[in-house]
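Scroll down for the structure; my scribbles are underneath it.
The values are calculated or read from the model by the stated rules, or taken from the named source; none is laboratory data. None of the values given here were measured: they were computed from a predicted structure. FYI the Cβ positions are ideal-geometry reconstructions off the backbone, even for glycines, and counts take in every protein chain you see. With ligands, DNA and RNA removed, areas are computed over all heavy atoms of the protein, side chains included. Shrake-Rupley method; radii C 1.70, N 1.55, O 1.52, S 1.80 Å.
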Amino acid sequence: MLTVRPATPDDLAAVAAIYAHYVTETVATFDETPPSLDAWHTRLADLTARGLPFLVGEAEGHIAGYSYAAPWRAKPAYRHSVEDSVYLGPEWAGRGYGTVLLRAVLDACAGAGLRQVVAVIADTGSDASAALHRKAGFTEAGRLTGVGYKHGRWIDTLLMQHTLPRHPAVAPDRR
């Protein structure tokens, strides 16, 4: 069973290790160097200050994965839109934990008064991430062809989008 909760600074070493695997071993992210632990602390502080979710999933006493929402673009008119990230430790894949983490971050985004969640998915040859997002109600919004180059190959990105339900306790103009 996966328990989802807000990330704390104590969780970030595990988060960094999970992400480092994807940076060094896959093309699921276009980062080529794993971010430092200090960079993860900065990210957690920034997202928390913005009222955006950064969640971890804990199973059997270990951080199995994480999800967060970050600003989609810096310009003010985009303040209602975020980009989601969901990563699982490879040993935790295939147990439905990605679905739990994605649904939790979507619920938190709706509660924060956000309107749109965008997924930018590297076309790795596997449909797992796109399928996960489709299952959560995302639809395809477009494809960027050959925009990333990593591990000796050009990679497309699939853009997917999900409109969140309006949360009754949140005013329509999130500032």
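A few comments on the model shown:
- Carbon + sulfur, % of accessible area of the range 24-175 - ligands and nucleic acids excluded, 1.4 Å: 52 percent
- Cα-based shape type of the range 94-151, given that a ≥ b ≥ c are square roots of the gyration tensor eigenvalues and the cut on a/c is 1.5: oblate
- Here the extension length gained between E91 and L37 equals 17.3 nm, from 0.36 nm per residue of separation less the Cα-Cα distance.
- Counting only Cα atoms, the size of the chain along its three principal axes is 46, 40, 30 Å, in decreasing order.
- Most positive-pole-ward Cα, L47, G111, L37, against dipole of the chain from beta carbon charges: G111
- Solvent-free Debye calculation, one equal scatterer per alpha-carbon of the range 1-90: log10 I(q)/I(0) at 0.13, 0.17, 0.21, 0.23 Å⁻¹ equals -0.43, -0.74, -1.08, -1.24.
- Per residue accessible area of the chain, 1.4 Å probe, in Å²: 53 Å²
- Estimated 222 nm signal from helices in the chain, with DSSP H stretches of n ≥ 4 weighted -39500 (n - 2.57), rounded to 500: -9000 deg cm²/dmol
- Rounded to the nearest 20 debye, dipole of the range 30-175 from Cβ charges on Lys, Arg, Asp, Glu: 620 debye
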